[in-house]
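Have a look at the structure below, then the notes.
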Amino acid sequence: MKAAVKIVGGLVLVILSLYYIFKGFPFLGLSKAWPEVLALLKGAIPLVVLVLGVFIIWLEWDEIKIERELEEEKKTTKRKKKA
């Protein structure tokens, strides 16, 4: 497929999705999905923040361990140079 066709297809999907969220498709028996989108966000945002917090803790813990290892390595090399 050409890139332009993919772009048009993507735009159609975006427009249809936004229309469904805000207006719905009553002729298909689908009411607007805005309340469900809000409920999904209310549930997903705390989980994303939780995962982000755990990730930050893990990164910082790993950085502390690496700094300790580097300090021990420096001490070991200084002792070897003195000997």
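Summary table
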| item | result |
| --- | --- |
| Residue within the stretch 74-83 that is in a helix (DSSP H, G or I) and among the aliphatic types (A, V, I, L, M) present | no |
| Selection count, the stretch 1-42, where residues are among the small types (G, A, S), surrounded by 10 or more Cβ atoms within 10 Å (Cβ to Cβ) and either part of a helix (DSSP H, G or I) or at negative phi (or both) | 6 |
| Some residue of the stretch 72-81 being in contact with a Phe, Trp or Tyr (Cβ under 8 Å, 6 or more places away or on another chain) and either surrounded by 10 or more Cβ atoms within 10 Å (Cβ to Cβ) or in contact (Cβ under 8 Å) with a residue 60 or more places away in the chain (or both) | no |
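The numbers here are math on the coordinates, done by the rules we state, and not lab data. Since the structure is predicted, the reported quantities are computational estimates derived from the model, not experimental observations. As a convention, Cβ positions derive from the backbone with ideal geometry for all residues, glycine included, and neighbour counts pool all protein chains shown.
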